[in-house]
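The values are calculated or read from the model by the stated rules, or taken from the named source; none is laboratory data. In this text, all values refer to a predicted model and were calculated from it rather than measured experimentally. We place every Cβ from the backbone using ideal geometry, glycine too, and count neighbours over all the protein chains shown. With ligands, DNA and RNA removed, areas are computed over all heavy atoms of the protein, side chains included. Shrake-Rupley method; radii C 1.70, N 1.55, O 1.52, S 1.80 Å.
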Amino acid sequence: MNNIVFWFMSLMGPNVDRFKVGDHVGVGTYVNSCQDCEYCNEGMEINCVKGTVFTLNRVDTDGTITKGGYSSSIVVHQRWIPDSLPLHLAAPLLCAGVTVYSPMVRHNMKQPGKSLGVVGLGGLKHMAVKFGKDFGLKVTVFSTSVSKKEEALSGLGADNFVISSDEQQMKALAKSLDFIVDTASKDHQFEPYLWLLKTFGAYVLVGFPKEVKFSPASLSVGMKTISGSLAGGTKVTQEMLEFCAAEKVYPSVEVVPIEYANEALERLVKRDVNYRFVIDIENSFK
């Protein structure tokens with residue numbers, strides 16, 4: 001359950017001045033960092049040089065083990081994120097949302113009229129499509145399954161759908177994309193996608209396949225860029241939440257009571273979810 005993000009009601013320490021008791025605070029994929037290195041000072045705690053303390057099954061600075069959603073409470077520094085959205089919509093943004101939003105803004109994808117390819121249709125990918133459309137990009141979804149076509153085009157509003165295993169469809173898009181966001185974690189070929197990028201195109205990998213292989217020519221010809229990315233620090237996360245609130249860009253979720261958690265996990269294994277389960281903790285215990 002380490003991909004599920006939780007929100008907790010805050011209790012204040014004596015030196016807290018950003019919140020009051022009863023405020024909602026966002027706790028994403030990590031709960032602590034050194035708060036003093038060059039990256040932490042820039043609000044990029046996910047890249048802390050001394051190591052980010054992730055929300056689940058990590059050793060915190062006080063020696064305790066983080067337990068994520070299994071915790072009865074979580075203690076975080078006040079630099080963490082205040083609430084600006086309905087909780088059931090905000091929670092997935094703190095994981096899937098910021099994971100794609102962060103590299104998309106870092107690579108300057110807010111350029112209406114340019115073209116974006118999104119690889120892999122799941123929790124991350126559906127947010128990449130939604131952000132891309134709101135940025136004014138022409139979005140192409142790549143999938144190995146034709147069953148995803150209606151979902152991508154009608155459900156998410158993508159402009160184009162391509163079966164990635166169809167060589168003719170892939171060749172037809174050669175040198176046509178400005179950006180690609182690859183959310184797939186299964187092993188797959190990278191070179192066919194790199195040849196779809198225009199000169200100076202950017203390829204961003206946010207999935208975790210076992211290995212990445214491609215010929216140097218597919219990257220060097222056209223002077224393309226390939227990069228990886230994790231979630232995001234507090235600065236870009238706050239920016240994303242404000243953007244989503246203003247633009248009404250929300251994740252697609254299914255809210256379930258805590259009693260449904262085991263069945264939700266079984267459905268996750270079967271990929272039977274569009275696109276995130278959110279456990280309604282507050283109403284589950286009324």
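Restricting region 108-135 to residues that are without any contact (Cβ under 8 Å) to a residue 40 or more places away in the chain and surrounded by fewer than 18 Cβ atoms within 10 Å (Cβ to Cβ), the residue that is farthest from F277 (Cα to Cα) is G113.
Mind listing just one residue for me: the one in region 243-260 that is in a helix (DSSP H, G or I) and either modelled with pLDDT of 90 or more or out of contact with any helix residue (DSSP H, G or I) (no Cβ under 9 Å at 6 or more places or on another chain) (or both) and, of those, most open to solvent (accessible area, probe 1.4 Å)? Outline the logic, then answer.
Residues of region 243-260 in a helix (DSSP H, G or I): 243-247, 258-260.
Then keep just the ones that are either modelled with pLDDT of 90 or more or out of contact with any helix residue (DSSP H, G or I) (no Cβ under 9 Å at 6 or more places or on another chain) (or both); that gives 243-247, 259-260.
Working: F243: 32, C244: 0, A245: 34, A246: 77, E247: 90, E259: 135, Y260: 52 Å².
Among those residues, the one meeting the criterion is E259.
If the condition is being in contact (Cβ under 8 Å) with a residue 60 or more places away in the chain, under 22 Å from the mean Cα position of the chain (by Cα) and assigned to a helix (DSSP H, G or I), then region 262-286 contributes only L265. Looking only at region 136-157, residues that are in contact with a Lys or Arg (Cβ under 8 Å, 6 or more places away or on another chain), closer than 22 Å to L194 by Cα and either open to solvent by less than 10 Å² (accessible area, probe 1.4 Å) or modelled with pLDDT under 95 (or both) come to 4 in all. Taking the criterion of being of a type in the set (G, A, S), surrounded by 20 or more Cβ atoms within 10 Å (Cβ to Cβ) and touching a strand residue (DSSP E or B) at 6+ places or on another chain (Cβ under 7 Å), would at least one residue in region 176-192 satisfy it? The answer is yes, given that some residue of region 176-192 is of a type in the set (G, A, S), surrounded by 20 or more Cβ atoms within 10 Å (Cβ to Cβ) and touching a strand residue (DSSP E or B) at 6+ places or on another chain (Cβ under 7 Å).
Within region 196-208, the set of residues being in contact (Cβ under 8 Å) with a residue 24 or more places away in the chain, of a type outside the set (S, T, Y) and open to solvent by 20 Å² or more (accessible area, probe 1.4 Å) comprises K198, F200, L205.
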